[in-house]
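One structure is given here, and the rest of the page talks about it.
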Amino acid sequence: MGDNRQGPVYRSSTTAPVNIAVIKYWGKRDATLNLPTNSSLSVTLSQASLRTHTTASCSAHYAAHEGDSLLLNGSAEPIQHSPRTQACLGQLRSLRSSLEASDPSLPKLSGLPLHIVSTNNFPTAAGLASSAAGFAALVRSIADLYALPQSATELSRIARQGSGSACRSLMGGYVAWRAGSAADGSDSLADEVAPPAHWPQMRALVLVVSAAKKHLPSTAGMQVTVKTSSLFPTRADVVVPRRMQNMEQAIRARDFDAFARLTMQDSNGFHAVCLDSWPPIAYLNDVSRAAVRVVEAINQQSTDAGAGLLAAYTFDAGPNAVVYYLERDTERVAGVFRALLGNERVEGWEGSYGQDIKPAEMEELATLDEKAVETLRAGVSRVICTGVGGGPEKVDSHLVDERGEPVWE
Ligand SMILES: Nc1ncnc2c1ncn2[C@@H]1O[C@H](COP(=O)(O)OP(=O)(O)OP(=O)(O)O)[C@@H](O)[C@H]1O
Ligand SMILES: C[C@@](O)(CCOP(=O)(O)OP(=O)(O)O)CC(=O)O
């Protein structure tokens, strides 16, 4: 809390992670409450690589007529016109208001305007799950500002209404979002299937194919699929429920072969229902397909030698590839991509995860399809080397100073 002449500025700051689903959320049964048609499961990625940093503040000296505000990467976001952000703020305020009613000694924060300042250390709205980390950080930082006693699972009900995938970023490790069946969404919540320490060897290599903001946003895309795809009901009602069980089992048993197969099958199943939509939705491009070819070649070598799968690709609503692998296979998976993409052409090989990636030997590359290699070299602009990580963290570094002014990082 900072003090100035007009009264205190209350502040709380958090960082929150990105998550990349291995069983995809695609489809809403209720667009207003943001309720999904199927459960999903993701891996939370380390905040050493990708993170949102958010400070929530409130003060009696913030002009009441200006209302709440969100400054995102230095620009004002029009949150008054965002029903999703309004739903999150309204529900957090009402929890604070109940707390104030039960303990009159508490400062009346629920009636004060909120000034929120946030930065993403990666491109916003580029298919890198910025809305997931962004809404998780928003909900966590306000819940801390308001000293709310609710658990991460209880808060996931609120974050879900900001962006569905955000409910999975309130926890670290391996996280499930249970679709639930209640009409009011009260049982549509996220829970931790396993903490990062259960299987800390999980690594992810993100191939940034396009940092541009040009794909059909997830929200719009999934509505088209639910309305028009004839394959979709089978995916939501039959295929995904079975896969969720098998994926949880694979994670519990630390069975990478099963994890990888289910991850690739589910990514392909999700993109298949996109293509089956009308008008068809195609998120993958030639560069994405080249990444698939390279992962297939890596896995072929391993299975030919009688071992299991070493790498798993997955794609969200855009062309960027995420490749999961285990630390012990770093050279045989990430090393292959490093050898073929090179250091000069592509940035991002530094950092705690990247520096351990040694380029694979030339013979490992001999079996790769030349055209795929060429396409990948031309189309990947940047890589992000990361791994499984923890949930949101409360931090002392504030993006709002003691007088209530934004601070630039
Ligand atoms: N740090 C943040 N704080 C609050 N809201 C954020 C933050 N970052 C992103 N958002 C919200 O998320 C929106 C971007 O979401 P969108 O779903 O378009 O992109 P994405 O999450 O990067 O991509 P995708 O969902 O396809 O993976 C932003 O316009 C903003 O409203
Ligand atoms: C393909 C996905 O990344 C879709 C994510 O969709 P969003 O969570 O961005 O959608 P809204 O709830 O409409 O905001 C798959 C996933 O993350 O599970």
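The values are calculated or read from the model by the stated rules, or taken from the named source; none is laboratory data. These figures come from a predicted structure and were not determined experimentally. Note: ideal-geometry Cβ built from the backbone for every residue, glycine included; neighbour counts use all protein chains shown. When the accessible area is computed, the model is the full protein with side chains, heavy atoms only, and any ligands, DNA or RNA have been set aside. Shrake-Rupley method; radii C 1.70, N 1.55, O 1.52, S 1.80 Å.
Once the other residues with Cβ under 14 Å from the Cβ of residue 244 are scored (Lys, Arg +1; Asp, Glu -1), what is the net sum?
Details: positive: 24, 168, 178, 235, 242, 243, 252; negative: 191, 237, 248, 266.
In short, +3.
Per residue, what accessible area does the stretch 3-107 have, given a 1.4 Å probe and all protein chains present, in Å²?
39
Return the inverse of the average 1/r over all pairs of distinct C-alpha atoms in the stretch 168-268, which is the Kirkwood hydrodynamic radius, in Å to one decimal. Display every interim value, and only then the final one.
Details: mean 1/r = 0.0623 Å⁻¹.
Evaluated on the stretch 168-268, it is 16.1 Å.
Please list 3J(HN,Hα) in residue order for the stretch 34-42, calculated via the Karplus relation 6.51 cos²θ - 1.76 cosθ + 1.60 where θ = phi - 60°; whole Hz, with x for glycine and proline.
Result, rounded to whole Hz: 6, 9, x, 7, 8, 6, 8, 8, 9.
Long-range amide H contacts for residue 395: which residues qualify at under 5 Å (H placed 1.01 Å from N, peptide plane, sequence gap of 5 or more or a different chain)?
The list, which skips near neighbours in sequence, is 13, 14, 15.
Any chance you could get the radius of gyration and Dmax over the Cα atoms of the chain, in Å?
21.8, 73
Using a 10 angstrom cutoff on alpha carbons, build the Gaussian network for the chain and name the most mobile of 75, 165, 188.
Comparing 75, 165, 188 in a Gaussian network model of the chain, the most mobile one is 75.
Between residue 186 and residue 355, what is the spin-label point distance in nm, taking each point 7 Å from the Cα along the Cα→C-beta axis?
5.2
Trypsin sites (Lys or Arg not before Pro), restricted to the stretch 305-369: which are DSSP loop and have at most 15 other Cβ atoms within 10 Å? Don't skip to the end; give the middle numbers.
Values: sites: 328, 332, 338, 345; in loops: 332, 345.
Qualifying residues, ordered by number: 345.
Before I look further, what does the stretch 222-283 give for accessible area per residue, probe 1.4 Å, in whole square angstrom? Write down the numbers at each step before the final one.
On the way: 3010 Å² over 62 residues.
Value returned for the stretch 222-283: 49 Å² of accessible area per residue.
Give me Rg over Rh for the stretch 320-409, both radii from the alpha carbons and Rh done the Kirkwood way, two decimal places.
Numbers: Rg = 18.2 Å, Rh = 15.7 Å.
The Rg/Rh ratio comes out at 1.16.
Mind giving me the FRET efficiency for residue 30 and residue 197? R0 is 41 Å, r the Cβ-Cβ distance, nearest 0.05 is fine. Present the calculation step by step, with values, prior to reporting the outcome.
Numbers: r = 35 Å, r/R0 = 0.86.
Efficiency computed from Cβ-Cβ geometry: 0.70.
When the gyration tensor of the stretch 202-387 is built from Cα positions, what are the square roots of 5 times its three eigenvalues, in whole Å, from largest to smallest?
Working: eigenvalues 158, 86, 41 Å².
They are 28, 21, 14 Å, listed from largest to smallest.
Which FRET efficiency, nearest 0.05, do residue 101 and residue 257 yield, Cβ-Cβ r, R0 51 Å? Don't skip to the end; give the middle numbers.
Values: r = 54 Å, r/R0 = 1.06.
Efficiency for this residue pair is about 0.40.
Report the label-to-label distance for residue 408 and residue 363 in nanometres (one decimal), using points 7 Å from each Cα along the Cα→Cβ vector.
Modelled inter-label distance: 5.4 nm.
Out of every Cα pair in the stretch 74-145, what percent are spaced more than 15 Å from each other?
Details: 1555 of 2556 pairs.
When every Cα pair of the stretch 74-145 is considered, 61 percent fall beyond 15 Å.
Using modelled amide H (1.01 Å from N, peptide plane; none on Pro or chain starts), what sits under 5 Å from the amide H of residue 400, excluding residues fewer than 5 places away?
Amide H neighbours of residue 400, under 5 Å, 5+ apart: 407.
Between the stretch 95-156 and the stretch 259-285, what is the C-alpha centre distance in whole Å?
Their Cα centres are 33 Å away from one another.
If we sort 374-381, 133-140, 102-109 on the protection proxy, mean other Cβ atoms within 10 Å, highest first, what's the order? Intermediate values should be presented prior to the final figure.
Numbers: 374-381: 17.9, 133-140: 30.6, 102-109: 10.9.
Sorting 374-381, 133-140, 102-109 by mean packing, highest first, produces 133-140, 374-381, 102-109.
In nanometres, what is the gap between the two model label sites at residue 344 and residue 282, each 7 Å from Cα along Cα-to-Cβ?
Those two pseudo-labels are separated by 3.4 nm.
Shape of the stretch 9-194 from its Cα gyration tensor (a ≥ b ≥ c, root eigenvalues): rounded if a/c is under 1.5, otherwise prolate when a/b > b/c, or oblate? Can you show the working numbers first?
On the way: a/c = 1.73, a/b = 1.36, b/c = 1.27.
Because a/c hits 1.5 or more and a/b exceeds b/c, the stretch 9-194 counts as prolate.
Express the carbon and sulfur contribution to the solvent-accessible surface of the chain as a percent, rounded to the nearest whole number, probe 1.4 angstrom.
Numbers: 8680 of 16980 Å².
Roughly 51 percent of what the probe reaches on the chain is carbon or sulfur.
List the residues, sorted by chain then number, that are 5 or more residues from residue 9 or on another chain and whose placed amide H is less than 5 Å from its amide H.
The list, which skips near neighbours in sequence, is 2, 3, 4.
Cβ under 13 Å from residue 272's Cβ, residue 272 left aside: what net charge do those residues give with Lys, Arg +1 and Asp, Glu -1? Mind dumping the intermediate values first?
On the way: positive: 24, 235; negative: 266, 276.
Summing Lys and Arg as +1 and Asp and Glu as -1 gives 0.
Only bridges with both residues in the chain count here: give the DSSP antiparallel percent, nearest 5. Each step should come with its number before you reach the end.
On the way: 55 of 60 bridges.
Roughly 90 percent of the DSSP beta bridges within the chain come out antiparallel.
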